[in-house]
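The block underneath contains the structure these notes are about, expressed in structure tokens.
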């Protein structure tokens, strides 16, 4: 079945089953490979994208639920003011080790700061819960979010 979705400001028509996860449409059909597959059950956060500005796990989001919503992926988040600040803070704080989870981490942090420009530690904990970093860079992630919020 054909679906037309708006991802990173561009329209894409894809011919997939309606139950196909948005993650696979983005990665395998459109070729946006920055969004990662982690667990396939919305538990790790590696697949996080924004749908109409809301951090969403793309591995469990069927393409037929997208409709006219706007999707933003890691490939385009740096074009937003908040996303650019988050990416800069990630570099300044040397957050990344292996890097696998970082696209999802950045997408969750950007959604948090877009909706709450001055988050408390509790706000950060809530927004980032479910984003797993196997390297354990959680302290640097928190520092980077605070830096991005302050800048």
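So, in the range 83-95, exactly how many residues are in contact with a helix residue (DSSP H, G or I) (Cβ under 7 Å, 6 or more places away or on another chain) and surrounded by fewer than 19 Cβ atoms within 10 Å (Cβ to Cβ)? Can you show your working first?
Pass one, the range 83-95, residues in contact with a helix residue (DSSP H, G or I) (Cβ under 7 Å, 6 or more places away or on another chain): 83, 85-87, 89-90, 92-95.
Next, only the ones that are surrounded by fewer than 19 Cβ atoms within 10 Å (Cβ to Cβ) stay: 92, 94.
Looking only at that region, the number is 2.
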- Inspect all residues belonging to the range 72-80 and state whether any of them is in the same structural domain as residue 41 (by TED's automatic domain parsing), closer than 25 Å to residue 37 by Cβ, surrounded by fewer than 19 Cβ atoms within 10 Å (Cβ to Cβ) and touching a strand residue (DSSP E or B) at 6+ places or on another chain (Cβ under 6 Å). no
- Check 42, 7 and return the single one that is in contact with a strand residue (DSSP E or B) (Cβ under 7 Å, 6 or more places away or on another chain), on the phi < 0 side of the Ramachandran plot and in contact (Cβ under 8 Å) with a residue 40 or more places away in the chain. 7
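Do you know which of the residues in the range 43-61 that are part of a strand (DSSP E or B) and touching a helix residue (DSSP H, G or I) at 6+ places or on another chain (Cβ under 7 Å) is surrounded by the fewest Cβ atoms within 10 Å (Cβ to Cβ)? Working first, answer last.
At the first step, the residues of the range 43-61 found to be part of a strand (DSSP E or B) are 48-51, 54-57.
Next, from what is left, pick out any that are touching a helix residue (DSSP H, G or I) at 6+ places or on another chain (Cβ under 7 Å): 48-50, 54-55.
Details: 48: 30, 49: 30, 50: 24, 54: 11, 55: 22.
Per the criteria, the residue is 54.
With the condition being touching a strand residue (DSSP E or B) at 6+ places or on another chain (Cβ under 6 Å), I'd like the helices (runs of 4 or more DSSP H) fully within the range 81-151 carrying at least 3 qualifying residues.
On the way: elements: 81-92, 102-115, 121-128, 138-150.
Answer list for the range 81-151: 102-115.
Yes/no matrix, rows are residues, columns are (1) part of a loop (DSSP other than H, G, I, E, B); (2) surrounded by 15 or more Cβ atoms within 10 Å (Cβ to Cβ):
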{"residue": "14", "(1), (2)": "no, yes"}
{"residue": "18", "(1), (2)": "yes, no"}
{"residue": "33", "(1), (2)": "yes, no"}
{"residue": "38", "(1), (2)": "yes, yes"}
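The values are calculated or read from the model by the stated rules, or taken from the named source; none is laboratory data. Just so it is clear, the model here is predicted, and its values are computed rather than measured. Positions of Cβ are generated from backbone atoms using ideal geometry, with glycine treated the same way; all protein chains shown enter the neighbour counts.
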